[in-house]
Amino acid sequence: MKKIVHVVGTGTIGEPLLGLFTDFRDRMGIDEVTFHKRTPLASDRAKLNHLIQRGAKLAVDEDVRSEFEKLGHEVSFESREALERATVVVDCTPAGNENKEKYYENLSGPKGFLAQGSEFGFGKPYARGINDETLVPGEDRFVQIVSCNTHNITTLIKTIAHDDGKYHLRKGTFVCMRRANDISQSDSYIPAPNVGKHDDPEFGTHHARDAHHVFETLNLDLDLFSSAVKLNTQYMHSIWFNLELDRDITAEEVKKRLRANPLVAVTDKRYANLIFSFGRDHGYYGRILSQTVAVMPTVAVRRKREVYGFCFTPQDGNSLLSSVSAALWLIEPDWKSVESRLNPLRRWLYREI
């Protein structure tokens, strides 16, 4: 049987994910990459044709097939056909839960389905390197790849608070300072900082809630709270964090732990544009795939057990890494094999910026 990855959507996550799967499909053990585009747009013609030229095969709804062909696109499959023949479906739209109910739950062909961060409740929440061992072959067909900021939060917690097989966290507090929109988006920009609501009485915002649910898969009940503010910048998200531990720790030990984690990049740079520029120059589709970029001069320890600092969230690069990881696991649920098939991506897991 062919191993086929089908990506739904060609936005800020879908397009670079398609690039990763098509560019490295041979080394990842993937036979074919297909993707679905809903709306035919002349403004997307160059992007779609480039993806097709690199080997991805386009699937569209039958009622708009002729419109795509008029734009010069080679259409390979009808939408339903592409879903039924796929091994893994990666939904990169904000309609993952809706699509699950309408289409995915009734499909028996694919081994599994992935949705992105906004689709809470789609399936088991997953972040690469945090709760890999909780995925159960044959049982976890639906997996939610948590948001980029949730990746950052969970990685900070595991790196700093986990020791000797235990989590030593009493409480974690986070302020997520989010960019207004992606540089690929021309709408939703804001004229000034816009503070977010605390619409969850237990967790504040969805960032802490989603992080809590990731650790819940490990039978942990962590005390987490997050706030969010959207800033009038397009560079990258940043997070202020405070981790209260149940044991003493020094700032040097915190920094040592951050440097030792291969999923963490460390930096002395304190301007987001410098990190963003590094990703543009040295990343894949402008993205580094590290889970977080820890700003080392900001790391501080107060009263021996309170850890403070700032870090940057590498756009959605960490979500891309988890998406590829989960997709490869669904195709062949053997983590040793997944590690080997992820090797082409390690060049964008930076240890220092």
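None of the figures in this text is laboratory data; all of them are computed from the coordinates on show. If you're wondering where the values come from, they're calculated on a predicted model, not measured in any experiment. Using ideal geometry, Cβ is built from the backbone for each residue, glycine included, and neighbour counts are taken over all protein chains shown.
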*Just in the range 10-84: which GluC sites (Glu not before Pro) are loop by DSSP and have at most 12 other Cβ atoms within 10 Å?*
GLU74
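Could you check what % of the DSSP bridge pairs in the chain are antiparallel, to the nearest 5? Write out the running numbers ahead of the final one.
On the way: 27 of 65 bridges.
If I count the DSSP bridges inside the chain, around 40 percent turn out antiparallel.
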*Would you mind telling me the antiparallel percentage of the DSSP bridges in the range 148-317, rounded to 5?*
70
*May I ask you to give the average projected area over all directions of the convex hull of the Cα atoms of the chain, in nm² rounded to one decimal?*
17.5
*Highest mean first, what order results for 157-164, 103-110 on Cβ atoms within 10 Å?*
157-164, 103-110
*Relative contact order (percent) for the chain, with alpha-carbon contacts under 8 angstrom and 6 or more residues of separation?*
16
_Loop-located trypsin sites (Lys or Arg not before Pro) in the range 285-339 whose Cβ has at most 15 other Cβ within 10 Å (DSSP)_ = ARG303, LYS304, ARG305
*Just in the range 1-90: which trypsin sites (Lys or Arg not before Pro) are loop by DSSP and have at most 14 other Cβ atoms within 10 Å?*
LYS2, ARG38, ARG54
*Could you line up PHE113, PHE203, PHE122 from fewest to most neighbouring Cβ atoms inside 10 Å?*
PHE203, PHE122, PHE113
*Return the calculated 222 nm mean residue ellipticity for the chain, to the nearest 500 deg cm²/dmol, obtained by summing -39500 (n - 2.57) across DSSP H runs with n ≥ 4 and dividing by the residue count.*
-9000 deg cm²/dmol
*Taking only the C-alpha atoms, wrap a convex hull around the range 148-317 and report its volume per residue in Å³ as a whole number.*
119
_Helix 14-23 axis, angle to the chain major axis (alpha carbon atoms, nearest 10°)_ = 70
*May I ask you to sort VAL8, VAL195, VAL264 by Cβ crowding, counting other Cβ atoms within 10 Å and putting the fewest first?*
VAL195, VAL264, VAL8
*Looking at this model, which pairs from LYS171/LYS230; LYS2/LYS166; LYS197/LYS304; LYS124/LYS171 are more than 30 angstrom apart at the alpha-carbon?*
LYS2/LYS166; LYS197/LYS304
*asked:* With an 8 Å Cα cut-off and a minimum separation of 6 or more residues, compute the relative contact order for the range 251-353 in percent.
replied: 35
*What is the distance, in nm, between label points placed 7 Å from the Cα along the Cα-to-Cβ direction at ARG247 and at GLU98?*
4.8
*Toward the positive end of the charge dipole of the chain, about the Cα centre and with charges on Cβ (Lys, Arg +1; Asp, Glu -1), which of TYR271, TYR285, THR313 goes farthest?*
TYR271
_Sorted by Cβ neighbour density within 10 Å, fewest at the top, the residues VAL136, VAL266, VAL324, VAL89_ = VAL136, VAL266, VAL324, VAL89
*For helix 148-161, report the angle its Cα long axis makes with the longest principal axis of the Cα atoms of the chain; keep it between 0 and 90° and round to the nearest 10°.*
40
